[in-house]
1. I'd like the Karplus ³J(HN,Hα) series for the range 143-158: coefficients 6.51, -1.76, 1.60, θ = phi - 60°, whole numbers in Hz, and an x wherever there's a Gly or Pro.
2. Are there GluC sites (Glu not before Pro) in the range 61-133 that DSSP puts in a loop and that have at most 10 other Cβ atoms within 10 Å, and which ones?
3. Residue separation times 0.36 nm, minus the C-alpha to C-alpha distance between SER338 and SER169: what's the value?
4. Just to check I understand the Karplus step: with θ = phi - 60° and J = 6.51 cos²θ - 1.76 cosθ + 1.60, what whole-Hz values come out for the range 323-330, glycine and proline as x?
5. Which whole-Hz couplings ³J(HN,Hα) result when phi for each residue of the range 177-182 is put into the Karplus expression 6.51 cos²θ - 1.76 cosθ + 1.60, θ = phi - 60°, listed in order with x for Gly and Pro?
6. Calculate I(q)/I(0) for the range 71-198 by the Debye formula, one identical point scatterer on each C-alpha and no solvent, and give its log10 at q = 0.10, 0.19, 0.23 Å⁻¹ to two decimals.
Amino acid sequence: LEFRISSVSIGQMAAPIAARMEDYHEFLDQVHGRQCRVTTFDRHGTDLVYPTIEQHLTISQSTTYMPYVYSPLELPDQIRLLRIHPGEPEDPIETSLVTASLDVSPDYDALSYVWGSHADRCQIWVDGLTVLVPLGGFQALHSLRRSRCERPIWIDAFSINQEDLNDKSHQVRLMCDIYQGARSVVVYLGNATDKTGDAMRALQYLIQARTETAEPPWMHTELIDVEDVLQDILDRPWFKRIWTVQEATLARHTILVCGEHRLSWYGNLQSLRRIAFRIKSTAISPYFSVASGRKSKLDWSSLLDIVETQMRQAARREGAVIHRNQLDLAFQFRYRQSADPRDNYFALFGIVENENGGRLEFKPDYSISLKELHLRYMEEIQRISEIEDAPPSPTPTYSQVWVWS
């Protein structure tokens, strides 16, 4: 009977990853004799996995954690990829580290995530050696592991020798090529909460613009609930970390992962314009602007800043020019005050011309309802901005989905 330790919880104590040997000795001196909770996986002969066993054990002097020893990279365009071996959710995470040359366009995904607290460490296996990793990295690897085949990924915690400044500098110089060359950039936001399912369904409507959903998923929900679940996603540390801007912007294909929930989009200009259009049209819609007698204070910028940065990158890549339109202006000034909510649609008409050099054909009309005004306004913006989405009938267009009551 073989016991393999999956994770160790020792209060707030931190254990190093790929660190100097003296760091490990210092760590072991501190934990010697202390009580900790150890999660083990019970295996017997074959790979048959039995239920997880949790025990309270005392760390003894014989407990050893050897730092992973990196082999130096030999070529200027060489990188390290972590191969996540297949396994079931209850299995320990087993991996191997291999080198690859960007010159030959290797097949891999690049991970964009937040390490999390260094005080919380979990154990994985790299080339048969036990390595302690930050909790954020462990959760990401656990979520990305496939059940039947290996998954090669580039992840900074392993692909870069964090203790070698020359290696770190060399790999950071390659970051643009690494993220542009990845098959997909996986944005890992962390574990799911009880709000994640509703939040990801709302984001699916905003991001996967060709969905055949007849109306937004929040149409039968109170505004405060929608804001709450979306903010649970948009307030996560990933949206505040500086490195994630470059990592997401360079992606050809983005996969957003939160727990077991995921959605994706491609980095071409037309797809990104549709996403930006839907986010902004949602933000200025009557549902979010006047429901419950108040203006929504949901911070859309966390998501929109990433999408628009991706859009500018795609425009440069495709040799296109992005023009500001009336929707951009309406979104920018959506919190300005007015006596009549319809003023927010009419007050900025004379400022921005459409992409063909003309002005909006839509004329101010205070006799129509706010709902009808929004529908007409979005139809006109869609027309002059040449943002076309032609799903088969009877799927509604962008503006038709806003049947608001």
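Nothing in this text is a laboratory measurement; each read-out follows from the coordinates by a stated rule. Keep in mind that what you see is a predicted model, and the values were worked out from it rather than measured. Neighbour counts are summed over all protein chains in view; Cβ atoms, including those assigned to glycine, are modelled from backbone coordinates with ideal geometry.
1. Going residue by residue, I get 6, 8, 5, 8, 8, 10, 9, 5, 10, x, 9, 9, 9, 4, 4, 10 Hz, with x marking Gly and Pro.
2. Passing both the DSSP loop test and the Cβ count: GLU74.
3. On the way: separation 169, 0.36 × 169 = 60.84 nm, distance 5.25 nm.
Contour length minus Cα-Cα distance gives 55.6 nm.
4. 9, 6, 10, 4, 5, 4, 5, 4
5. Values per residue, Gly and Pro as x: 5, 5, 6, 5, x, 5 Hz.
6. One equal scatterer on each Cα of the range 71-198 leads to -0.31, -1.14, -1.58.
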